[in-house]
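What follows is one structure encoded as structure tokens, with my remarks underneath.
The values are calculated or read from the model by the stated rules, or taken from the named source; none is laboratory data. Since the structure is predicted, the reported quantities are computational estimates derived from the model, not experimental observations. As a convention, Cβ positions derive from the backbone with ideal geometry for all residues, glycine included, and neighbour counts pool all protein chains shown. Just so you know, the surface numbers come from the protein's heavy atoms only, side chains and all, with ligands and any DNA or RNA stripped out. Shrake-Rupley method; radii C 1.70, N 1.55, O 1.52, S 1.80 Å.
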Amino acid sequence: MDKPKKFYLTTPIYYANSRPHVGSAYTTIVCDVIARYKRMCGYEVAYLTGTDEHGVNIERAAEKQGITPAELVDRNQQIFRDLWKLLGIQHTHFIRTTSTEHARAVQTLVRRTRHHSPHAIYKAKYEGRYCIHDNLYVSDSREPADCPLCGRPSELISEENYFFRLSAYQQQLLDLYAKNPKFVEPDFRLNEVKSFVEAGLRDVSISRMSIKWGIPWPDDPAHVFYVWYDALTSYMSGIGYGEGEKGSAEFQKFWPANLHMIGKEIIRFHAVYWPAFLMAAGLPLPEKIFAHGWLLFEQEKMSKSKGNVAYPEPIVMALSELTGVKVGNDALRYYLLRETVFGQDGNFSREALLTRYNADLANGLGNLASRILTMIEKYCGGVIPVPPKAGFGGAYATVSTTAQSERKSAIEAFESFSFSRAVESIWNIVAETDRFITTEKPWTLGEDPTKRETLDGVLYTAAEALRFVTVLAHPVIPDATLRIWKQLGQTTALQQDGTRSNTGGRRASGTRCARGSRGTRWRRKNRHRGFRQSRSARRRRAIRRKSGRGGQAAEAHGRYWRRGPPSAGGHCAGLCARAIGGAQGRGGHQPRAAQDARGGIQRHAAGGLGRPRRQAGAVHVRRRHSRRRQSEVAGGIVRSSARRCYRERSETSG
């Protein structure tokens, strides 16, 4: 019987002295994409993240706020947990360095090191410069020096410490890099690490006496552990190291880690210090350390002191509020992975995020799903048709060949963490399927009874291509793909089914697509379609009339029926957002009421479908409301345009 496949990956253990920004979310989202992909490939995944809660920074931040360090980290770690929940992060383990199990693991590691390598740790006096912001020993000289990472002045420290004999592991580390050139990626980061080690290593302090907020040194409580020895051990303590002589069953199952995902600024601690600590303790080393670049803001590194920090919460919430559908999380994930070549520095821009969202999600995948599901509903009674037995070639074969080819390319890209290339391959299928539909014109075929077999072939092929895209894109945009998956009538668990099995061969035809969401059913009762409205719908309509027309009525119900920010493709997020996993729309040209219905699908489609858009950037309300601009909404934000609304909400919420 084959041994079950396991995959263990970690994010950095985030410092809990302040609120996380988009850069922290970037690393965590990337790891979530990897974890979801690995689960779909049949791996049992352990995904660890957490908070680093010790050090002089925590002490000083707590003192400034007039609270204890414990109170500060208890509050801040919850902020991280809440953010990961908002972003849909499916981590399996969350470690806090103030936990009892972590303290036990750190003390167990140092005892094991002293037993396995008696000369690896010694006590001596340290005098030199230390950066409290990056927890980095800058120099052994009393002369003033700036931190090489953050550029801020370092502090002079003089005290007795326990030291780790890092210099004794220089050759072992160089041998490791030579034997396993994939230990550090990308390769140019490995070259940086090798150059640092070849220049000569100095012993490093692993304890402090000047602070008390830390894990006590075993048998010498006057010392606490240096924050990096403490934090790095969390990768093991989070899965049970320190429980028993060999660690817990879970630790024995998952260690060594398959992947430590980090930012480039902490590569020295992970690629030099951490393997040396493990070598000295006689423990297996992690398989890979991947150091990605910084996420810049307007071409500068995010810095709270500079005021150029973007926070993920207002971005996600503002996008979802703009559209009326839960799309903010998917939009942020897609943008971060598509816009940046992973491993290199990237630039975060709200304008670029909106453009990507409109062009690729709303007008790309969302529009494609709308067209396919609508036509299956209209021409096939909501059942995916049986493909023709003969003549299944030509344009049909082109779509199938493209899907299989791009599927292979996307899987290879996921395996090598080339997320931008993976997303590009998936959206090549979207583009090819859209061209196929536009060329074959199923809305024309549906008017000719003699073309029924051709129509069935077109719609079956399009539905299959949409299923391919849904499976492949799930790690990147999980919320939208789950909704589309259900609308395709699929009953299997998308997040557990393999990317290979779910995108191989033909699927059984005859699957009934799910009915539209509540928004679609409500739309079909709309008086513009000649149906009687429900009592609740009539009541809502009466309330809107009494509370005032236009903006006031919309505000009273917390919904703003408006167009979103203009995009490069000429569409707007405010309505196009409903396309991503939203309800099934109706075919052909739709009246505005159907287009604007809550939860419905925007049908401003390519190939002539849908109504012409109104003036870009303007704020509009539903047809039965006044078209005047809304000048005031809750929170005092003037929404003269959706783009301005998005910008102001993000800035004020941050």
Sequence-distant or interchain residues sharing an amide H contact under 5 Å with Tyr8, placed H: which? Ala46, Asn258, Leu259
Quick one: if the Förster radius is 22 Å, what FRET efficiency do Glu143 and Arg202 give, using the C-beta to C-beta distance and rounding to 0.05? 0.85
When we measure straight from the Cα of Lys264, which aspartates and glutamates land under 14 angstrom away, once same-chain ones fewer than 8 places off are left out? Asp134, Glu185, Asp187, Glu192, Asp345
Work out, step by step, the length gained on full extension between Leu174 and Gln90: first 0.36 nm times the residue separation, then minus their alpha carbon distance; give nm to one decimal. 26.7 nm
Modelled label-to-label distance, Arg19 and Asn347, 7 Å Cα→beta-carbon offset: nm? 2.6
Rg/Rh for region 38-159: what does it come to with C-alpha atoms and Rh from Kirkwood? 1.05
For Lys378, which aspartates and glutamates qualify as cross-link partners when the Cα separation must be under 13 Å and same-chain residues fewer than eight apart are set aside? Glu447, Asp456
Residues of region 1-124: accessible area per residue with a 1.4 Å probe, Å²: 41
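Give me D for region 371-449 in µm² s⁻¹, whole number, from Stokes-Einstein with Rh from the Kirkwood sum over alpha-carbon pairs, 10 °C and 1.306 mPa s.
Numbers: Rh = 14.3 Å.
D, rounded to a whole number, is 111 µm²/s.
If you stretched the chain out fully between Lys6 and Ser210, how much longer would it get, using 0.36 nm times the residue separation minus the C-alpha to C-alpha distance? Present the calculation step by step, with values, prior to reporting the outcome.
Details: separation 204, 0.36 × 204 = 73.44 nm, distance 4.20 nm.
The Lys6-Ser210 span can extend by a further 69.2 nm.
Step by step: find N for region 242-299, compute 2.2 N^0.38 Å, then divide the Cα radius of gyration by it. What's the final number?
Details: Rg = 14.6 Å, N = 58, 2.2 N^0.38 = 10.3 Å.
It is 1.42.
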Cys150 paired with Ser405, simple spin-label distance in nm, labels 7 Å along Cα-to-beta-carbon: 5.1
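Specify, per residue and in Å³, the volume enclosed by the convex hull of the alpha carbon atoms belonging to region 1-87. Don't skip to the answer; put the middle values down first.
Details: hull volume 8.7 nm³, N = 87.
Measuring per residue, one finds 100 Å³ for the Cα hull of region 1-87.
Based on the Cβ-Cβ distance of Lys64 and His115, what FRET efficiency does E = 1/(1 + (r/R0)^6) give at R0 = 45 Å, to the nearest 0.05? Mind showing how you got there, number by number?
Values: r = 41 Å, r/R0 = 0.92.
Calculated value: 0.65.
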How much accessible surface does Trp84 have with a 1.4 Å probe, in Å² rounded to 10? 0
Other-chain or far-sequence residues with amide H under 5 Å of Val341's (modelled H): none
Using modelled backbone amide H atoms (1.01 Å from N, in-plane), which distant-in-sequence or interchain residues come within less than 5 Å of Phe297's amide H? Met302, Phe348
Centre separation in Å (Cα based) which lies between region 216-256 and region 103-182: 17
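Please give the FRET efficiency for Thr100 paired with Glu192, using the beta carbon to beta carbon distance and R0 = 35 Å, rounded to the nearest 0.05.
0.40
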1.4 Å probe accessible area per residue over region 207-341, in Å²: 31
P(r) for region 159-253, please, calculated from all Cα pair distances in 10 Å bins and given in %. 14, 28, 37, 21, 1
Placing +1 on the Cβ of each Lys and Arg and -1 on the Cβ of each Asp and Glu in region 144-287, which of Val204, Phe277, Pro148 has its Cα farthest towards the positive end of the resulting dipole? Pro148
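In region 363-406, which trypsin sites (Lys or Arg not before Pro) fall in coil by DSSP and have 10 or fewer other Cβ atoms within 10 Å? Don't skip to the end; give the middle numbers.
Numbers: sites: Arg371, Lys378, Lys389; in loops: Lys389.
The qualifying sites are Lys389.
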Using only the alpha-carbon atoms, what does region 315-411 span along each of its principal axes? Please give whole angstrom values in decreasing order. 51, 33, 17
³J(HN,Hα) across region 54-59 via Karplus (A = 6.51, B = -1.76, C = 1.60, θ = phi - 60°), whole Hz, x for Gly/Pro? 10, x, 5, 4, 5, 4
In whole Hz, what ³J(HN,Hα) sequence does region 260-276 give by Karplus (6.51, -1.76, 1.60; θ = phi - 60°), x for Gly and Pro? 9, 9, 9, x, 5, 6, 10, 5, 4, 5, 8, 9, 10, 5, 4, x, 5
For Glu160 and Lys441 in one chain, what is 0.36 nm times their gap in residues minus the Cα-Cα distance, to one decimal in nm? 93.2 nm
